[in-house]
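Remarks on the structure that follows.
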Amino acid sequence: MTDTAKISTLIVDDEPVARAGMRHMLAEVEWISCIGEAANGPAAIEAIDRLKPELVFLDIHMPGLLGTDVLRQIRHQPLVVFTTAYAQHAVTAFELGALDYLLKPFGEERLRATLDRIRTAFGEPRISSLDRFGEAMSHAPMSRLFVRSGRSIMPIAVDEIVWFEAVGDYIAAHTNDTQHLLHLSLNQLEARLDAKRFMRIHRTHIVNLDHVVAFRRDANGSISAELKNGKYLAVSRAKARDLRGIAR
């Protein structure tokens, strides 16, 4: 995107005050051009396919059709930023899918942080918002994660993750080559992983069993998971009791 180009943008929200507030904040952004609004799902589908905006701010909870239904029915595929007032489940799902979202109520600072990421996304290979949302909201075990790398978003096969580690308010997803940060809890992530492949061995670690050489016991009776890359991860006492019969 050139410095003078403006990104055509559509606002979709069933609340007139919310639409007016968004339009007011976007009016201060020199590279955004608001080309229309929609107040419900059917109107959003019509406007998106007719106006073909490059960017859509899409409310999830609307009468008629949910924002997610809108995504499934549109032919034109813009870049989408979801807006929602429902915090807990939304944050978890969107972080798993690395989707851009705004949690209501939000102000100009939060909006601009999102817009900074959005602006750099134009001109780069783009992953469908519907694909990312579908992966995030599915109840089936995840097959891939969408992670932020700099200002880009890229998919990583879950099979490539060697272990997950809780680091403060984040999770570090470790591959053999690098690590990526996810903003959710280990409990939330564990619920979306294949239990036959991933094992919670500690309050701070989930390990991919395909990358484990063996569970080994030291002279003190403590057990660690030996990984194929040579790293050892401690096993908690509670989990160690389950593994003592097979640890060497």
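A short reminder: the numbers here are calculations on the coordinates, not readings from a lab. Since we're looking at a predicted model, the values are computed, not measured. Cβ placement follows ideal geometry from the backbone for every residue including glycine, while neighbour counts extend to all protein chains displayed.
Partners of K104 within straight-line reach, counting aspartates and glutamates whose Cα lies under 14 Å from its Cα and excluding those fewer than 8 residues away in the same chain: D13, D14, E15, D59. Within the same chain, lysines fewer than 8 places from K196 are excluded, and of the rest, those with a Cα less than 20 Å from its Cα are K228, K239. Residues whose amide H falls under 5 Å from that of V147, counting only those 5 or more places apart or on a different chain, are M154, I156, with hydrogens built in the peptide plane.
Could you check the spin-label model distance between E109 and L51? Points 7 Å from the Cα along Cα→Cβ, value in nm. Here the answer is 3.0 nm between the modelled labels. Kirkwood hydrodynamic radius of the range 159-245 from all distinct Cα pairs, in Å? For the range 159-245, the Kirkwood estimate is 13.2 Å. Remark: the range 14-28, residue by residue, has Karplus-estimated 3J(HN,Hα) of 7, 9, x, 5, 5, 5, 5, x, 5, 4, 4, 5, 6, 5, 7 Hz, where x stands for each Gly or Pro and the curve is 6.51 cos²θ - 1.76 cosθ + 1.60 at θ = phi - 60°. As a rough guide to protection, the peptides 212-221, 175-184 ranked by mean Cβ packing within 10 Å, highest first, stand as 175-184, 212-221. The stretch between N176 and R197 holds 5.9 nm of extra length on full extension. This uses 0.36 nm per residue minus the Cα-Cα distance.
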